[in-house]
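Below is one structure, written out as structure tokens; the observations come after it.
The values are calculated or read from the model by the stated rules, or taken from the named source; none is laboratory data. Keep in mind the model is a prediction, meaning the values are calculated, not measured. As a convention, Cβ positions derive from the backbone with ideal geometry for all residues, glycine included, and neighbour counts pool all protein chains shown.
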Amino acid sequence: MRSCLPLIITACLTFCGLPFADTTHTPTYVRGIEIYGNATTRPEILKHFFAFDTGEVLDTSKLRLTRENLRATQLYDKVDIFPHMREDGAHIFIILKESARLQLGYGGEYSTRRHGQREIWYRFQFDAGISNFRGRMEEFWFGASLWDYRSLDVSWYRPFLPSPYYVSASAGAAAYPSDMLPLDYTDVYARLTAGRKIGRRARVYASATPVYRHRTIAGLRDEPEPGADIESLIPFLSERDFYEAFGAVGVVVDYRTSRFDPRGGWMYVSQVRTNRLYRGVNVPFFQLSSEFRHYWPFGADVASLRLLLTARDRDAGAYHRLTYGGAGEVRGYATDALGWDFVANSALLASLKYHKRLVTSPQVPFPLLGALFMGPRDLSLRVDATFIADYALLRRGPADILLFRGPGQDGVGIGFGTRIMIPEIRQSGCIDLVFGRVDQPGGGFSWEPALHIYLDMFF
């Protein structure tokens, strides 16, 4: 009876879920690691996410941690890890299914105002990104816009594994008309960011962004005639070239289930930005931008909430006018529709969406398309219906926005839309019809529709 006592104690502790030290058997060692399904990530990079190694005692908790680490990279749609016992010990099998590495986007948008007049102008956009570039967890992105808004942007991100530090660099140029003023702009910028990851869910960073902007009066491309009174056309046009440099520090905490189409969790982003690195002729100011997102699953459906706060310590001037409107902000309005009739330096935005899944098609083989996206070979289609409610409140200063006092401007948009998505390659297209509340000069208000067409979800 005495010889059976260790086995009885072991069985009881196992049934209760408590850890125990098994002294009746020799420990099992990890003798080999076999990886299947990894065609892109370099082995020396992949092993940075392993919590175990050959020669160690087999610990199933480390296998679970390794699975969580690999899934957190967003590089794999599926991760399975299990031990296979052999005479010489445990051989760990890691089965991976890679996610799409190539992200393609295209779409268009329009604005109902141009140079302060009721005139429609258009923008067509194309972008492409490669995740896990060179198999080293790097990311490379390229974007371009055509038609009345022309731009070109490139960016690159690199982590310094196994350390938690990373850097990113980006640059771009754009030429576009003003919505509300008879001006055309040409912008050129560059950005360098250095950051550090904190665990698997958070990171902090600091960045520097030099910016150049040239502005001209619409239709006036050459130098004005001698004696021409340009100031009478645009009173604040005392400068035509602006040089500025911004510095920023920020934090990101991300507990969403995934970055694309989250099914639950939350995310918080906060940044303090200032042009005091070099302000040129512009007003020096600090700006706090904070954003919070939360997702609630309801079976196959999802509800999401987005809160965004912007607060400045002073009036930043007409060059940095704070405006809202359009897709990604307050739908039901044209781009930059809110803020031109009221000088605001603080704003609070709230958006609520509810996604109702309508239909999901079965997966269909697309070998050629799968090869293009460097991952999946089977694709499916999903269609969601969405309910939308947006609200924005603009005030003069940070105390006014936090205490809900003083003069201000607000906007409300309520409507519905549809979303067509291909989950395997993380692509979606959205069409929203939202009614915005428009105040009438003589009092009262009316609801006017606005159609927004764009790719992917803003939150």
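What the table shows:
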{"item": "Positions within the range 104-140 being of a type in the set (S, T, N, Q) and more than 19 Å from residue 43 (Cα to Cα), in sequence order", "result": "111, 112, 117, 125"}
{"item": "Tally, over the range 121-154, of residues that are among the polar types (S, T, N, Q), within 22 Å of residue 185 (Cα to Cα) and buried (at least 17 other Cβ atoms within 10 Å of the Cβ)", "result": "2"}
{"item": "Selection within the range 66-82 - under 16 Å from residue 424 (Cα atoms) and of a type in the set (A, V, I, L, M, F, W, C)", "result": "75, 79"}
{"item": "Filter result for residue 341 (crowded, with 17+ Cβ neighbours inside 10 Å and either among the acidic types (Asp, Glu) or more than 23 Å from residue 262 (Cα to Cα) (or both))", "result": "no"}
{"item": "Which listed residue is under 20 Å from residue 189 (Cβ atoms), β-branched (Val, Ile, Thr), modelled with pLDDT of 90 or more and in the same structural domain as residue 400 (by TED's automatic domain parsing), from 252, 272, 302, 281", "result": "272"}
{"item": "Residue selected from the range 286-331 under the condition free of Cβ contacts under 8 Å to residues at least 60 places away in the same chain and among the aromatic types (Phe, Trp, Tyr), by the criterion nearest to residue 182 (Cα to Cα)", "result": "286"}
{"item": "Residue 163 of a type outside the set (Lys, Arg) and touching a Gly at 6+ places or on another chain (Cβ under 8 Å)", "result": "no"}
{"item": "Failed item in (1) closer than 23 Å to residue 71 by Cα; (2) in a strand (DSSP E or B); (3) of a type outside the set (Val, Ile, Thr), with residue 259 passing the rest", "result": "(2)"}
{"item": "Selection within the range 335-372 - small (Gly, Ala, Ser) and at pLDDT 85 or above", "result": "344, 346, 347, 350, 351, 361"}
{"item": "In the range 259-276, residue nearest to residue 428 (Cα to Cα) [restricted to those that are under 12 Å from the mean Cα position of the chain (by Cα) and surrounded by fewer than 17 Cβ atoms within 10 Å (Cβ to Cβ)]", "result": "259"}
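Yes or no, residue by residue, for (1) assigned to a strand (DSSP E or B); (2) assigned by TED's automatic domain parsing to the domain that holds residue 53:
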residue	(1), (2)
94	yes, yes
124	yes, no
141	yes, no
161	no, no
192	yes, no
